[in-house]
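Worksheet: one structure, shown below.
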Amino acid sequence: MKKWPRSAAMTGLGLLFLALFGTFSKAAAADEREPFRDFLAAGQAYATGQWSTAISLYEGVMASAGFSAPLCYNLANSYAQNGQIGKAVLHYERARLLAPGDADIRHNLQRLRQEKGLEQGNIPLMQQAAGLLGLNEWTLLAASLVAALALFHLATLRLPVSTRLSRMLTSGGLLLIFLCSVAMLIQYRNWQRAVLSFTDTPLLISPFAGAKDTGLLREGSLLHVLKTHDQYALIRDDQGQGGWIPIASFEYIARTITDN
Amino acid sequence: MERLVTTSDPFGYIHRQLRAKSQGGLAALVLFLTILGLTTPSLGAPTISASLSPTSFPVDQAAPLTITIGDGKGSIDQLPEVDGLLFQRRGQSRQHQIVNGSLSSSVSTIFQVQATRPGTFTIPAIAITVEGQPLKTKEIRVEVTPATAGGQPPEGDQTFPPAGDGSEQLAFLRISQVKQESYPGEFLPLQIKAYFRRGLRASLNSHPRINGDGFLLNLPDEEPRQTEEIVDGTPYACLTWKGSLSGIKEGEQSLRVAVESTLLVPTGNSRRSRSMGGDPFLGNDPMADFFNQQQMQEKKIQLISPETTLTVLPLPTEGRPEDFSGAIGRFQLEVKAQPTDVEPGDPITLTMTVQGAGNFDRVEAPSFNGNTNWKSYTPTTKFTPGAAPGEGSKVFEQAIIAKDPGTTAIPPLAFSFFDPDKKQYQTLRSAPISLHISGAGKPEMDAGKAQNTGSGTTANTNGQGLSPTAEIIGDTTGDQPGRPAIKGLDLAPLHSQLGSLHQDITPLMRRTGFQVIVLGSLLLLFTAIALKIHARRQAGDPWRCRHQAMTRLLNSRMAEIHAFRDQGDTRAFLALCRQAMQEQLGSLWQMEPGAITLADLRQRLAADAVLISLFGTAETSAYGGCQLNSQEMAEYAQTLENELRRLA
């Protein structure tokens with residue numbers, strides 16, 4: 001039996017690896033192109049005023065590939081143009097969670113709320129301050145401070161650092177961590193909110209179909225879900241208005257892809 | 001110059017000089033007394049007289065009335081009230097006369113007589129009490145002729161409505177004629193004039209305001225212009241405000257403008273004390289204030305313009321463009337872009353100028369949003385007012401970026417407004433501006449439509465209300481049945497990049513990997529803190545410090561002992577072993593290591609202690625010499641180390 005030289009065997013293995021890698025790469029690239037193609041098609045549909053088409057395409061991309069800030073934003077724009085305020089607010093809020101600093105998202109959400117009379121009123125100063133960064137940014141900042149503080153104290157085991165400086169840096173670090181934690185708590189509460197995403201819904205005094213209503217919750221309102229009972233949830237909106245509404249009438253802002 | 005006199009009788013000379021001087025003084029005294037005697041006033045009966053010169057004058061002029069009191073002191077208590085005549089005190093003069101050796105004096109008070117209308121008037125006898133005697137002047141007949149040509153009211157005044165009844169003659173308010181019909185928010189230039197009789201002293205307590213809630217009055221934040229005008233032959237100080245008016249409620253609205261003012265009016269009838277000219281609003285005649293303060297009183301009044309009506313029509317809904325922002329007037333649009341030769345991704349500054357006349361506060365930038373091929377930013381705004389009220393130009397500068405490198409032109413921009421004269425909406429459209437982007441593909445637009453000047457001129461449409469948004473976004477019907485699409489939403493354009501995709505929208509703090517990192521950091525922090533605390537505690541324990549020092553020293557010595565053992569140098573080996581024992585025991589017993597002897601060991605340690613024999617061997621070697629083979633040295637070293645470590 002003819003013995004193949006070792007170099008030839010190595011070359012063969014390399015070629016096989018490259019072929020396999022190329023095949024997988026192509027498949028992966030094809031998978032990646034598919035959502036992007038639909039994303040572009042949705043943009044074209046939006047540009048020509050076919051907002052329902054744009055919505056279905058964007059929803060398809062979201063269902064198959066996941067969430068991204070531009071995707072949520074474009075979908076929200078499509079819903080807004082199509083008159084579906086609740087869905088538009090929901091996806092703008094999702095986009096805002098993913099990209100809290102995006103000016104376009106803020107602008108469009110603000111315009112939509114102004115247009116539909118969904119202004120949030122006076123936001124407390126603490127919440128305004130917490131809103132300077134997103135939850136993830138606050139979290140990263142707090143974690144970085146903890147890590148920096150740990151490294152500093154480890155370093156002081158070997159390096160001579162004055163007690164005063166050490167105490168000062170530790171106190172400052174702990175104070176900043178505390179402030180970040182407060183901001184995180186405020187922002188985390190916002191992540192737990194839901195949006196009345198379909199139509200204006202009456203607020204019921206009890207979780208039953210025939211219960212009396214105490215007011216009307218407008219589509220696109222932000223809600224805090226306090227508890228649930230059967231098919232109803234006890235909610236409170238930003239203005240402090242509370243009552244029971246069907247669970248099916250709202251959607252949580254922060255959800256996993258399988259929840260949708 | 002003093003003359004030098006030489007005489008034999010000096011005292012006689014002095015006497016002569018004194019006599020001559022006394023004779024001159026006496027003569028002067030006699031002359032003075034003579035003159036005084038001759039000129040003593042021959043006070044006769046007091047007299048009064050009143051004269052007006054001329055007795056005939058035009059209505060736009062005045063004539064002085066002189067009341068003279070001769071040979072006595074008296075005061076003019078009251079001037080008669082004459083309908084149509086006004087008296088203004090101008091001053092007082094005193095005259096002295098010597099006639100045939102008799103001195104007489106008189107005091108003349110001068111009044112300025114003005115008439116409010118032409119006609120014949122009679123100034124009745126004026127009663128004056130002089131030296132306790134009541135006296136009266138004669139009646140004076142006055143003929144007031146119509147105003148001369150130069151005193152006619154100005155032409156512009158014809159546009160103002162009449163002042164009203166006679167009670168408003170001292171002060172009144174007029175507004176310029178406004179249109180009979182307008183639209184909500186339409187800019188209507190308005191001129192307000194407040195008239196105060198010249199010489200009257202007045203102050204303003206408020207800015208003009210509208211009586212009612214159907215209009216908004218907008219006056220510039222500046223002082224009114226002050227002029228003098230003659231109305232119906234009467235001179236007035238006139239304050240003029242130029243501003244604008246806009247209706248806010250539809251329907252027929254009553255329009256009246258009011259100004260609060262305070263007048264300084266005389267308390268009595270006769271002394272119409274007024275300042276002698278000057279500024280009636282500032283009262284810059286303090287002397288007049290001083291002399292007249294007892295006779296004047298403040299009177300607050302409200303000047304109200306004659307009522308006029310204005311119908312505010314609703315803006316037509318038919319043909320209203322989607323981008324109509326409420327601008328009403330007549331406008332022109334000019335659009336420029338700079339630069340027009342760019343690299344992909346380079347920003348272009350779009351300068352949009354809306355100029356004309358109208359309610360510029362409602363003029364918004366022509367919308368560039370909604371065009372997905374462009375990224376646009378919020379425009380900046382600058383308004384420059386024109387010469388006339390309501391005129392001006394509003395310049396918007398907006399940065400735009402072409403997303404598609406194949407873009408060859410900036411699309412037309414549109415601006416819609418309502419023309420109140422034509423009573424229809426107008427949409428101005430700029431021409432497309434050609435653009436060259438390096439590496440651009442084939443043009444997508446009709447090149448014939450684009451201009452290569454970097455600017456787009458306006459084209460006035462037929463007012464059909466077709467907005468550019470409608471052209472860009474196309475037909476919107478058929479989507480989402482039952483839900484009206486939101487038209488006119490000024491949304492930022494779509495994002496062109498898909499971005500990084502996530503399978504869920506969960507916060508970082510709930511992701512396992514991140515939690516592990518944070519927990520690790522926390523653990524590290526607590527560990528570091530614990531270690532620091534431990535180190536600090538150790539640093540404060542003297543026994544532990546000594547123990548550590550002993551251990552370190554023992555380690556060092558044992559290394560040296562092993563070295564000598566390997567060399568086979570028994571003497572040095574045992575000497576070092578002895579030194580190591582002395583050091584460790586010295587530290588333990590708080591003694592000088594070199595002073596420790598075998599006797600000390602025997603005294604302090606147990607009798608069978610290994611160290612005693614080890615120390616004895618070492619001491620024997622030191623004084624008498626001792627040879628150990630390598631195995632013995634190894635055993636010795638091992639035993640020593642064990643004992644000393646146990647000791648430490």
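Per-structure values
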| read-out | value |
| --- | --- |
| Selection status of B:L523, touching a His at 6+ places or on another chain (Cβ under 9 Å), over 30 Å from A:A65 (Cα atoms) and at the interface with chain A (Cβ under 10 Å from one of its Cβ atoms) | no |
| Those residues of region A:38-69 which are crowded, with 18+ Cβ neighbours inside 10 Å, facing another protein chain (nearest Cβ under 7 Å) and within 12 Å of B:H502 (Cα to Cα), in sequence order | A:A65, A:F67, A:S68, A:A69 |
| Residue in region B:224-231 that is in a loop (DSSP other than H, G, I, E, B) and modelled with pLDDT under 80 present | no |
| Residue check, B:I410 out of contact with any Gly (no Cβ under 8 Å at 6 or more places or on another chain) and of a type outside the set (F, W, Y) | no |
| Residue within region B:419-433 that is within 21 Å of B:R320 (Cβ to Cβ), aliphatic (A, V, I, L, M) and outside any loop (DSSP other than H, G, I, E, B) present | yes |
| Every residue from region B:324-349 that is more than 33 Å from the chain's Cα centre (by Cα) and charged (D, E, K, R) | B:D341, B:E343, B:D346 |
| Among residues of region B:594-648, those that are of a type in the set (D, E) and at pLDDT below 85, counted | 1 |
| Index of the failed condition, B:G199 passing every other in (1) part of a strand (DSSP E or B); (2) closer than 22 Å to B:E298 by Cβ | (1) |
| Where a residue in region A:95-107 is outside the structural domain of A:L132 (by TED's automatic domain parsing) and its partner, wherever it lies, is in a helix (DSSP H, G or I) and at pLDDT below 85, with Cβ under 7 Å and at least six apart | A:L97/A:W191 |
| Hey, A:A76 over 30 Å from A:S181 (Cβ atoms), crowded, with 24+ Cβ neighbours inside 10 Å and under 14 Å from the mean Cα position of the chain (by Cα) or not | yes |
| Answer residue from region A:108-123, given it is out of contact with any helix residue (DSSP H, G or I) (no Cβ under 6 Å at 6 or more places or on another chain) and in contact (Cβ under 8 Å) with a residue 24 or more places away in the chain and is nearest to the other protein chains (Cβ to nearest Cβ) among those | A:N108 |
| Within region A:87-101, considering residues that are surrounded by fewer than 23 Cβ atoms within 10 Å (Cβ to Cβ) and among the small types (G, A, S), the one nearest to the chain's Cα centre (by Cα) | A:A99 |
| Residue in region A:231-240 that is surrounded by 18 or more Cβ atoms within 10 Å (Cβ to Cβ), out of contact with any His (no Cβ under 7 Å at 6 or more places or on another chain), acidic (D, E) and not assigned by TED's automatic domain parsing to the domain that holds A:L145 present | yes |
| Those residues of region B:233-253 which are part of a loop (DSSP other than H, G, I, E, B) and surrounded by 21 or more Cβ atoms within 10 Å (Cβ to Cβ), in sequence order | B:G233 |
| Test: A:L154 is aliphatic (A, V, I, L, M), within 11 Å of chain B (Cβ to nearest Cβ), in contact with an Asp or Glu (Cβ under 8 Å, 6 or more places away or on another chain) and free of Cβ contacts under 8 Å to residues at least 40 places away in the same chain | no |
| One residue from B:A609, B:A580, B:A572 being surrounded by fewer than 20 Cβ atoms within 10 Å (Cβ to Cβ), in the same structural domain as B:M550 (by TED's automatic domain parsing) and either under 22 Å from B:H547 (Cα atoms) or under 60 Å from the mean Cα position of the chain (by Cα) (or both) | B:A609 |
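Okay, residues lined up against (1) of a type outside the set (K, R); (2) at pLDDT below 85:
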site: A:A42; (1), (2): yes, no
site: A:F67; (1), (2): yes, no
site: A:N74; (1), (2): yes, no
site: A:G86; (1), (2): yes, no
site: A:R106; (1), (2): no, no
site: A:E119; (1), (2): yes, yes
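Listed here are the residues, each with its yes/no results for (1) in contact with an Asp or Glu (Cβ under 8 Å, 6 or more places away or on another chain); (2) at pLDDT 85 or above; (3) aliphatic (A, V, I, L, M); (4) farther than 30 Å from A:R158 by Cα.
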site	(1), (2), (3), (4)
B:T458	yes, no, no, yes
B:T477	no, no, no, yes
B:R483	no, no, no, yes
B:H495	yes, yes, no, yes
B:I505	no, no, yes, yes
B:F514	no, yes, no, no
B:L523	no, yes, yes, no
B:S556	no, yes, no, no
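The values are calculated or read from the model by the stated rules, or taken from the named source; none is laboratory data. Keep in mind it's a predicted model, so treat the numbers as computed, not measured. Cβ coordinates were reconstructed from backbone atoms using ideal geometry, including for glycine residues, and neighbour counts include every protein chain displayed.
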